Amino acid sequence: MGENNYKAFWDEALRQIESEYTAKGEGTNFKIWFNMEYVEDTFDQITVSVPSEFMWMQIVQRGYKSAVESKIQEITGQNISLTYTVKPSSSVLSSTFSEDGHEEKKSPQPQTYSQSYSNAQTVDTSTQTEEKESFPPHPLLNQKFTFTNFVSGENNFAYNVCLAAAKNPGKAYNPILIYGGVGLGKTHLMQSIGNYIYNEKGPSTKICYIQVENFTNEFTASIRNKTVEKFQQKYRNLDVLLLDDIQFLLDKPSVQEQLFYTFENLSMKSAQMVFTCDRPISELKGIEDRLKTRFSSGISTDLSLPNYETRYAILQSKLEQQGKSIDLDVISYIAQNVQTNIRDLEACLKKMLAWVDITGQNLSVKIVQEQLRDMFYSPSGGTITIDTIQKVVADHYNITVQDLKSKKRDKKYANPRHIAIYIAREMTENSFPDLGNDFGGRDHTTAMHSYEKVEDMLKTDSSLDTTIQMLIREIKDYKKQ
Ligand code: ADP
Ligand code: MG
């Protein structure tokens, strides 16, 4: 059979998959994971081009390759397999899928690879500086935080944006705002940009990573020491400013003013700026509007909790970095059960490796279960009460707990009520009838409806996910206060 026999079937298969994804509200996932172009076919194989080998490995490992194969089989009744070639990179974003921070090497003829990759963690750990002069570590950056060490998974938009900016500081995306809950990799990605630029350009490039709290302390000290001008010069002369956790600018007008002028100066000279925040800008309180507008004047990208496969890949990658290994079912157990954030995932792994060191025994799922019971189950730990949830959610939305429990139906009250019920269902053992009672003596179907409504909204609104994660964190912290 000649070429192009299957082209029409390919188009139809992708069209159908796209409409299935769009109907589920997952149009973005479709764009990311089915980014394959038809190249040619033989009688039992279709060759597609993808942005990079790494991308192909992800497509295979996550089951998207077999999803397309099944769809084609459904349409043609034939068993046709997919193979791939890497297309020469054409745009900044499509060239960024190489996870080691290198530009993809353009091959004159696209190469065809037919081996299947079952293990997505065959990470190429070659570093950026191989053929370059290597510089002493940057004093403000943690060398661990590199693009190579970041497993992007479904956070690959944030990853790609940051990598593109690192390759083209001040030009590709500026400023970048990364937001999302605690422990999800904001600082890691932000510092990866710094490390990448530093390794490329060396110490003559003025890169500053600073947390807002330290920026504030430095400014206050400069007032005390009458060195404000020096402080201003230092920040206004930077090539790269990485300012972490801007939510702590809250109610600090004079620091905000300094930052505003720093921003204007850096913006004029196209210095790269990156900010992180634990919530979407629209939810920042106590920060001047002109500054909020500046933060979000470039590109904003959020980080969310990666899914099971990515959590599994992250654990494998951390083990590889340390030259350690544990049973796959143990890795799988941890990946499945730690669903808070990556910092907790790392902490679990650390605790288990320490256990192995101390006892000299092998880990089993049963042991992990026992050892990690606290970490897995105590975030809510049974001590989270409905009162706390109602109080935190009501405060966040500037309404009262009475409003939350009332029969008022305007959006202003109904939305927070839906969210509070959703969180309560997630964090407590309460059933829907219990929740109906807790929220002003409602029927259990009303509570269930609220829960489902939020579930639906979460499918399309990633900032809602960030807000809910943040509220959950606040609820957990509440009892410590
Ligand atoms: P945040 O600033 O969002 O609170 P961090 O950047 O400090 O989170 O990340 C917490 C820890 O989790 C760090 O040790 C970081 O290296 C690790 N981490 C987070 N996301 C990833 C990821 N996708 N791949 C590998 N490590 C990650
Ligand atoms: Mg951080």
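The values are calculated or read from the model by the stated rules, or taken from the named source; none is laboratory data. Just so we're clear, the structure is a prediction, and the values are computed from it rather than from any experiment. Counting neighbours? That spans all protein chains shown, and the Cβs are built from the backbone with ideal geometry, glycine included.
Out of all the residues in region 221-269, which are under 26 Å from H138 (Cβ atoms) and of a type in the set (K, R)?
Result: K230, K234, R236, K269.
Kindly indicate whether Y235 is of a type in the set (S, T, Y) and either within 16 Å of ligand 2 (Cβ to nearest atom) or within 20 Å of F295 (Cα to Cα) (or both).
Criteria met by Y235.
Before we move on, is V151 within 16 Å of ligand 1 (Cβ to nearest atom) and either crowded, with 23+ Cβ neighbours inside 10 Å or in a strand (DSSP E or B) (or both)? Show your work before the answer.
Details: within 16 Å of ligand 1 (Cβ to nearest atom): yes; either crowded, with 23+ Cβ neighbours inside 10 Å or in a strand (DSSP E or B) (or both): yes.
In short, yes.
Hey, can you tell me all the residues within region 325-364 that are outside any helix (DSSP H, G or I), under 29 Å from M470 (Cα atoms) and free of Cβ contacts under 8 Å to residues at least 60 places away in the same chain?
Result: V338, Q339.
Being among the hydroxyl-bearing types (S, T, Y) and within 16 Å of ligand 2 (Cβ to nearest atom) is the filter here; which residues of region 248-297 pass it?
Passing the criteria: only T276.
Evaluate the following for V274: is it within 16 Å of ligand 1 (Cβ to nearest atom) and under 23 Å from the mean Cα position of the chain (by Cα)? So that I can check it myself, show each step before the final result.
Details: within 16 Å of ligand 1 (Cβ to nearest atom): yes; under 23 Å from the mean Cα position of the chain (by Cα): yes.
Yes, satisfied.
Quick check on region 421-429. Is at least one of its residues more than 28 Å from the chain's Cα centre (by Cα), at pLDDT 90 or above and among the hydrophobic types (A, V, I, L, M, F, W, C)?
Checking region 421-429: not a single residue is more than 28 Å from the chain's Cα centre (by Cα), at pLDDT 90 or above and among the hydrophobic types (A, V, I, L, M, F, W, C).
Only one residue in T310, T293 is touching a Gly at 6+ places or on another chain (Cβ under 6 Å), in a helix (DSSP H, G or I), closer than 30 Å to T28 by Cβ and among the β-branched types (V, I, T). Which one?
Of the residues listed, the single one that is touching a Gly at 6+ places or on another chain (Cβ under 6 Å), in a helix (DSSP H, G or I), closer than 30 Å to T28 by Cβ and among the β-branched types (V, I, T) is T310.
Quick one: in region 206-224, which of the residues that are at pLDDT 95 or above and touching a helix residue (DSSP H, G or I) at 6+ places or on another chain (Cβ under 6 Å) is surrounded by the fewest Cβ atoms within 10 Å (Cβ to Cβ)?
The selected residue is S222.
Cβ-Cβ distance below 6 Å, separation of 6 or more or different chains: which pairs start in region 212-233 with a residue that is under 16 Å from P253 (Cβ atoms) and without any contact (Cβ under 8 Å) to a residue 12 or more places away in the chain and end on one that is surrounded by 14 or more Cβ atoms within 10 Å (Cβ to Cβ) and hydroxyl-bearing (S, T, Y)?
V228/S222
Taking K285 and the conditions (1) more than 16 Å from ligand 1 (Cβ to nearest atom); (2) under 21 Å from Q469 (Cα atoms); (3) in contact with a Lys or Arg (Cβ under 9 Å, 6 or more places away or on another chain), which numbered condition does it fall short on, given that it satisfies the others?
Looking at each condition in turn, K285 falls short on (3).
What are the pairs with Cβ atoms under 6 angstrom where one residue, in region 309-324, is among the small types (G, A, S) and the other, located anywhere, is within 12 Å of ligand 1 (Cβ to nearest atom)? Sequence gap at least six, or different chains.
A313/Q121; A313/V151; S317/Q121; S317/V151
How do the helices (runs of 4 or more DSSP H) wholly within region 386-481 filter down when requiring 1 or more residues that are in contact with a helix residue (DSSP H, G or I) (Cβ under 8 Å, 6 or more places away or on another chain), of a type in the set (S, T, N, Q) and under 25 Å from V182 (Cβ atoms): which remain?
In region 386-481, 386-396, 462-478 are the helices (runs of 4 or more DSSP H) which contain 1 or more residues that are in contact with a helix residue (DSSP H, G or I) (Cβ under 8 Å, 6 or more places away or on another chain), of a type in the set (S, T, N, Q) and under 25 Å from V182 (Cβ atoms).
Looking only at region 257-279, which residues are within 23 Å of T301 (Cβ to Cβ) and among the polar types (S, T, N, Q)?
T262, S267, S270, Q272, T276
If you check S296 against the conditions, is it under 23 Å from F157 (Cα atoms), within 16 Å of ligand 1 (Cβ to nearest atom) and modelled with pLDDT under 95?
no
Conditions first: (1) closer than 11 Å to F147 by Cβ; (2) in contact with a Ser or Thr (Cβ under 7 Å, 6 or more places away or on another chain); (3) within 13 Å of ligand 2 (Cβ to nearest atom); (4) not hydroxyl-bearing (S, T, Y). I178 passes all but one, so which condition is the exception?
For I178, the exception is condition (1).
Tell me yes or no: at least one residue of region 160-167 is more than 10 Å from ligand 1 (Cβ to nearest atom) and either over 24 Å from L305 (Cα atoms) or acidic (D, E) (or both).
Yes, region 160-167 contains at least one residue that is more than 10 Å from ligand 1 (Cβ to nearest atom) and either over 24 Å from L305 (Cα atoms) or acidic (D, E) (or both).
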